[in-house]
Amino acid sequence: MAQRAQISKISAFEGQEVTIKGWLYNKRSSGKLRFLLVRDGSAIIQCVVFRNDVSEQVFADADALTQESSLEVTGTVTADKRSPLGFELQVKDLKIVQLAHDYPITKKEHGTDFLMDHRHLWLRSKRQHAILRIRHQIIHAAREFFDDRDFTLVDSPIFTPNAAEGTTTLFETDYFGSSAYLTQSGQLYAEAGAMAFGKVYCFGPTFRAEKSKTRRHLTEFWMIEPEVAYFDLQDDMQLAEEFVSHLVQSVLKHRMPELLTLERDISKLEQIKAPFPKIHYNEAVDILKKHGSEFIPGDDFGAADETIISEQFDRPVIVHHYPAAIKAFYMKRDPQEPESALAMDMLAPEGYGEIIGGSQREDDYETLLNRIHEHNLPEEAFKWYLDLRKYGSVPHSGFGLGIERTVAWITGIRHVRETIPYPRLMQRLYP
Ligand code: 4AD
Ligand code: MG
């Protein structure tokens, strides 16, 4: 038995005989030669079967192989300048593990619905593979960023008794005869964490019963949320810009082949370095007016407005001081400007819209209690949250970054549905 090799590490085996275990990605024939493109999940290698070098059985098996059949292939690793990998395999032996019949995703064009119905198989294609590897890198870099800064991971529950981001997008579930809601954000619990550990983050799936069918909305998405005690809005914005620069730089450093597979314009990513421009909500409104938008001041920005604003800058832009009336109940208002919340959103370039929402939190007990009433939220469910303002309340701030929108932007793909292994949309719960 030859030694087992992983394709992405094949350069270490030049001139040696190895076995690769994987699947047939594609195949081509020419006279006495069969070219098998074999993938093992780490990369793809061309395996050359020459009739004179192998047994009749092996050659027949090479002929019988169909797309996505599983196989073990043994041969010698040789350098090959023409191949993207730089190496190919001169085959000596081949074993079919299972012959696949009629793999549904073929070379021809398929519609998005068809591909989404076959999402469990679609993940094997080059493009989806590249997107999800970049997603992994972004998540890795996100954890690394906070871990290196001594944040403690304190995860929030998924079943919650209360709303965090307004009651219109709550998923309600039966919880042993009473109601529970799928969390919209881990923030409120992260605030408790910040009072216990100083600097924390939580990272998990969050849910919104979004009735909007846009390219930016999922009903289940992943959010990473830092929360820091004694942090004001300025501190929060600085943390956010350093964080996002780190994510982009990490992808550039470790996932260049994937970015190239996706034909991403690398120059646009290379300029993503902190500091980012920061503008007041009113300045953003001025930009919209100047560009002939029909935006009504006081409203929240729509997708088209966000695109106009972000197009003015070559890196993400942070908009702060939104009208308090359109923001969540927990946001602190600016004492100098009581109609404005100490809130900030980060808008990604190239029309990708909001990737971060954050704020300084209301830290006064009475004010927060009034807000809970104004928003018609059940005081009972928030008793624990109010406690944080009774026992050693301090100024504190945090934000949430949506992983899928960030992946869409960094990979340069249009729709968030391809940025998560199994997207959950208003009309999709399968597979
Ligand atoms: O702006 P949002 O609603 O903020 C919060 O939930 C805060 N509690 C976060 C915090 O301060 N800890 O959501 C934060 C981010 C958005 O900027 C966006 O990237 C993403 O979450 N997001 C969605 N992503 C995909 N589909 C949806 N339906 C999303 N809703 C929000
Ligand atoms: Mg938001």
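Counting only Cα, what are the radius of gyration and maximum Cα-Cα distance Dmax of the stretch 120-218, in Å?
For the stretch 120-218, the Cα radius of gyration and maximum Cα-Cα distance read 16.7, 46 Å.
Under 5 Å between amide H atoms, partner at least 5 residues away or on a different chain: which partners does L94 have, H built in plane at 1.01 Å?
Result for L94 returns T74.
Quick one: work out the % antiparallel among DSSP beta bridges in the chain, nearest 5.
Bridges in the chain are about 90 percent antiparallel.
Skipping prolines and chain starts, which residues have an amide H placed within reach, meaning under 5 Å, of the one on R333, given they are 5 or more residues away or on another chain?
Excluding prolines and chain starts, which carry no amide H, the hits are L342.
Any aspartates and glutamates with Cα under 13 Å of the K21 Cα? List them, leaving off those in the same chain fewer than 8 positions away.
Candidates past the 8-residue exclusion: D40, E68, E72, D93.
Report the extension gain between T168 and A303 in nm, rounded to one decimal, defined as 0.36 nm multiplied by the number of residues separating them, less their alpha carbon distance.
Difference between extended and current length: 46.7 nm.
Could you tell me what a quarter of the Cα convex hull surface of the stretch 244-356 works out to, in nm² with one decimal place?
Value for the stretch 244-356: 8.0 nm².
Restrict the search to the stretch 261-305; then list the trypsin sites (Lys or Arg not before Pro) that DSSP places in a loop and that have at most 16 other Cβ atoms within 10 Å of their Cβ.
Within the stretch 261-305, the qualifying trypsin sites (Lys or Arg not before Pro) (loop, at most 16 other Cβ atoms within 10 Å) are K273.
Among DSSP beta bridges whose residues both lie in the stretch 145-210, state the antiparallel percentage, nearest 5.
The antiparallel fraction comes to roughly 75 percent.
Would you mind calculating the relative contact order of the chain from Cα pairs under 8 angstrom and at least 6 residues apart, reporting the percent as a whole number?
Relative contact order comes out at 14 percent.
With a bin width of 5 angstrom, please list the P(r) values of the stretch 21-180 as percents of all Cα-Cα pairs, from the 0 bin to the one holding the largest distance.
Histogram of Cα-Cα distances, whole percents per bin: 2, 7, 12, 13, 12, 11, 10, 8, 7, 6, 5, 5, 3, 1, 0.
In whole Å, how far is the Cα centre of the stretch 329-367 from that of the stretch 40-93?
Taking the Cα centre of the stretch 40-93 as reference, the centre of the stretch 329-367 is 57 Å away.
Please provide three numbers in whole Å: the alpha-carbon extents of the stretch 3-98 along the principal axes, with the largest listed first.
Principal extents (largest minus smallest coordinate, Cα): 30, 25, 24 Å.
Using a Cα-Cα cut-off of under 24 Å, which lysines could be cross-linked to K278, ignoring same-chain neighbours fewer than 8 residues away?
Correct list for K278: K199, K268, K289, K290, K327, K332.
With Cβ to Cβ distances under 14 Å as the rule, what net charge do the other residues near K290 carry (K, R +1; D, E -1)?
Taking every Cβ under 14 Å from that of K290, the sum is -4.
Using a 1.4 Å probe, what is the accessible area per residue for the stretch 3-98, in Å²?
50
Would you kindly calculate the translational diffusion coefficient of the chain, applying Stokes-Einstein with the Kirkwood radius from alpha carbon pairs, for 37 °C and a viscosity of 0.692 mPa s, and quote it in µm² s⁻¹ without decimals?
135
If ligands, DNA and RNA are left out, what is the accessible area of D174 with a 1.4 Å probe, given in Å² to the nearest 10?
About 120 Å², rounded to the nearest 10.
Once phi is turned into θ = phi - 60°, what whole-Hz ³J(HN,Hα) does the Karplus curve with 6.51, -1.76 and 1.60 give for every residue of the stretch 106-114, x standing for Gly and Pro?
10, 5, 6, 5, 10, x, 4, 4, 4
Springs between alpha-carbon atoms under 10 Å, Gaussian network over the chain: tell me which of G392, G204, G111 tops the mean-square fluctuations.
The residue with the greatest mean-square fluctuation here is G111.
With a cap of 14 neighbouring Cβ atoms within 10 Å, and only residues DSSP puts in a loop, list the trypsin sites (Lys or Arg not before Pro) found in the stretch 29-78.
K32
Using a simple spin-label model with points 7 Å from Cα along the Cα→Cβ vector, what separation in nm is obtained for S42 and F313?
4.1
If we restrict to alpha carbons, what Rg and Dmax does the stretch 88-177 come to, in Å?
When restricted to Cα atoms, the stretch 88-177 yields Rg and Dmax of 21.9, 64 Å.
What full-extension length gain, to one decimal in nm, is calculated for S212 and D364 as 0.36 nm per residue of separation minus the Cα-Cα distance?
Answer, rounded to one decimal: 51.3 nm.
Among rounded, prolate and oblate, which fits the stretch 281-428 when a ≥ b ≥ c are the square roots of the eigenvalues of its C-alpha gyration tensor, a/c under 1.5 means rounded, and a/b larger than b/c means prolate?
oblate
What full-extension length gain, to one decimal in nm, is calculated for A64 and H140 as 0.36 nm per residue of separation minus the Cα-Cα distance?
Here the segment from A64 to H140 would lengthen by 23.3 nm.
With no solvent and one point on each alpha carbon, what is the Debye value of log10 I(q)/I(0) for the stretch 168-309 at q = 0.09, 0.12, 0.16, 0.21 Å⁻¹?
-0.44, -0.80, -1.31, -1.32
In degrees from 0 to 90, rounded to the nearest 10, what is the angle of the helix 126-148 Cα long axis to the longest principal axis of the chain?
50
Quick one: among L247, L94, L182, which has the greatest mean-square fluctuation in a GNM of the chain with alpha-carbon springs under 10 angstrom?
Maximum fluctuation in the GNM of the chain, among the listed residues, is at L94.
The values are calculated or read from the model by the stated rules, or taken from the named source; none is laboratory data. Source: prediction; values computed, not measured. All Cβ positions, even for glycine, are placed from backbone atoms using ideal geometry, and neighbour counts span all protein chains on display. Quick note on the areas: whole protein, heavy atoms, side chains included, nothing else; ligands and nucleic acids left out. Shrake-Rupley method; radii C 1.70, N 1.55, O 1.52, S 1.80 Å.
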